[in-house]
Amino acid sequence: MERPLTQHIKKDGSVLTLEEYEKVGGYSALKKALKSTPDEIMEMVKNSSLRGRGGAGFPTGMKWSFVPRGANTVTPKYLVANGDEMEPGTFKDRLLVEGNPHQLIEGMIISSYAIQATIGYVFLRWAYHVAAERVEHALREAYNAGYLGKNILGSGYDLEMHLHTSVGRYMCGEETALLNALEGKRANPRNKPPFPQVSGLFGKPTIVNNVETLCNIPHIIANGVDWYKQISKSPGGGGTKLYGASGRVKTPGIWELPLGTSLREILEVHAGGMQDGYKFRGALPGGASTDFLTEDHLDVAMDFEEVPKAGSRLGTGTVIVMDDKTCPVGMCLALEKFFAQESCGFCTPCREGLPWTAKILLALEEGEGKMEDIDHLTYQTHYMAPGNTFCALAPGAMEPLQSALKYYREDFEKHIKEHRCTYR
């Protein structure tokens, strides 16, 4: 099994140095890319079927193609690596940034060359202190080696790259809120259109890509489109995917597997199955803002086509497992409290609806709920559905709740009938 993204990450947790990265082929893809035209690089990425690994799954090459091109376009152009990994249950980008920051930097340089950006930013969440130190050191190494700065490797291409450690919150994971934070403003989402590809950072054309997405780029360039497609199990996307599992499994962690690996394989083979004394009851397949899947869905292929058919989203591909001794109501309460706290407060449905939702769930947990509360919760899932809020935070917050009401309604009713949480 090929593991291009993680094969050189050390098991002891130490970082891969520039010298070590170069010995295993690091920056050879950049040298190859600089001998091609930006259009040729973009076409390779389009043909590879790489889709964004941050949650939305949008085709990467297509996203790049929306950036204005030609001699008379607005400059400078920017490329931003989104490392604001604050989705509960998600920890995949941290592995890549801490273990092999040069892979990210090389991917960013090639991507910047493809869209002709001259300034890049690595945007990290405030809590990733080790990652920040390692990226900062890797950037210095890359500058000293001639991979960044003026006239990179004699190509005539210039690129400056900076680290930005955000003091923001979960909202910064939304790309336009991220750009506001990067500009020193409050992390509120922006109106779209205009889209960032046309008017992004400081009003200039900008591409924002997830860390894992960008780490795929050197391998596509080095090994070719056909190779990238064949290491995937999914007909709708190329490459591998970092899948994770947390909860009461025997070996929680993260693994690089072919895109389209089944949920059952992730949980039973790689995560070792459930801990002794616990049974699987459900899982959020792609982080906290995805719908529950149940035992009936264990054989679903974890890709961008099959998970939606099962009623959820691939999201970040990091599975949160719920066991038979965990209360679905309590789990939803914990998630809704998080989302309510992290709302930027910009739009009414999110600002008012999320705290109201959390308040109702708390009443159920404390044995003070009423049957009409279930109707109120159901209403909230429609009130904060896609299209009714300014951004995707509140609709994402509703996904675990709406699926819990669908699959575990008897638990909600039992809380009301017995005036207590029966899992305590």
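The values are calculated or read from the model by the stated rules, or taken from the named source; none is laboratory data. All values derive from a computational prediction rather than experimental measurement. Don't worry about glycine lacking a Cβ; one is built from the backbone with ideal geometry, like all the others, and counts go over all protein chains shown.
Summed over the stretch 57-79, the residues that are in contact with a helix residue (DSSP H, G or I) (Cβ under 7 Å, 6 or more places away or on another chain) and among the polar types (S, T, N, Q) give a count of 2.
Across the stretch 123-156, the number of residues qualifying as more than 30 Å from the chain's Cα centre (by Cα) and among the hydroxyl-bearing types (Ser, Thr, Tyr) comes to 1. Do the conditions hold for Asp323, that is, is it at pLDDT 95 or above, within 27 Å of Lys241 (Cα to Cα) and not aliphatic (A, V, I, L, M)? In short, yes. I'd like the full set of residues that are among the charged types (D, E, K, R) and in a loop (DSSP other than H, G, I, E, B), limited to the stretch 297-315. Scanning the stretch 297-315 gives Asp299, Asp303, Glu305, Arg313. Residues in the stretch 185-205 that are small (Gly, Ala, Ser) and at pLDDT 95 or above were compared, and the one that is farthest from Leu393 (Cα to Cα) is Gly203. As a summary of the residue check, Ala132 satisfies the conditions (1) in contact with a helix residue (DSSP H, G or I) (Cβ under 7 Å, 6 or more places away or on another chain); (2) assigned to a helix (DSSP H, G or I); (3) of a type in the set (Gly, Ala, Ser) except for the one numbered (1). If the condition is being in a loop (DSSP other than H, G, I, E, B) and closer than 21 Å to Phe66 by Cα, then the stretch 177-200 contributes Pro189, Arg190, Asn191, Lys192, Pro193, Pro194, Phe195, Pro196, Gln197, Val198, Ser199, Gly200.
This table checks each residue for (1) part of a helix (DSSP H, G or I); (2) of a type outside the set (Ser, Thr, Tyr); (3) under 19 Å from the mean Cα position of the chain (by Cα).
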{"position": "Thr75", "(1), (2), (3)": "no, no, no"}
{"position": "Val80", "(1), (2), (3)": "no, yes, yes"}
{"position": "Glu85", "(1), (2), (3)": "no, yes, yes"}
{"position": "Ile105", "(1), (2), (3)": "yes, yes, yes"}
{"position": "Ala114", "(1), (2), (3)": "yes, yes, no"}
{"position": "Ala117", "(1), (2), (3)": "no, yes, no"}
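Among residues of the stretch 386-424 being out of contact with any Ser or Thr (no Cβ under 9 Å at 6 or more places or on another chain), among the hydrophobic types (A, V, I, L, M, F, W, C) and modelled with pLDDT of 95 or more, the one that is surrounded by the fewest Cβ atoms within 10 Å (Cβ to Cβ) is Ile416. Taking the criterion of being surrounded by fewer than 18 Cβ atoms within 10 Å (Cβ to Cβ) and part of a loop (DSSP other than H, G, I, E, B), the only residue of the stretch 205-228 that qualifies is Gly224.
With respect to the conditions (1) polar (S, T, N, Q); (2) modelled with pLDDT under 95; (3) closer than 17 Å to Leu18 by Cβ, Ser166 falls short on a single one, namely (3).
Listed by position, the helices (runs of 4 or more DSSP H) inside the stretch 339-416 whose residues that are touching a residue at least 24 places away in the same chain (Cβ under 8 Å), hydrophobic (A, V, I, L, M, F, W, C) and more than 22 Å from Ala310 (Cα to Cα) number at least 1 are 348-365, 371-383.
If you go through the stretch 238-285 and pick out every residue that is more than 15 Å from Asp324 (Cα to Cα), of a type in the set (Gly, Ala, Ser), outside any strand (DSSP E or B) and at pLDDT 95 or above, you end up with 4.
Here Thr75 clears all of (1) at pLDDT 95 or above; (2) among the polar types (S, T, N, Q); (3) more than 27 Å from Val319 (Cβ to Cβ) except the condition numbered (1).
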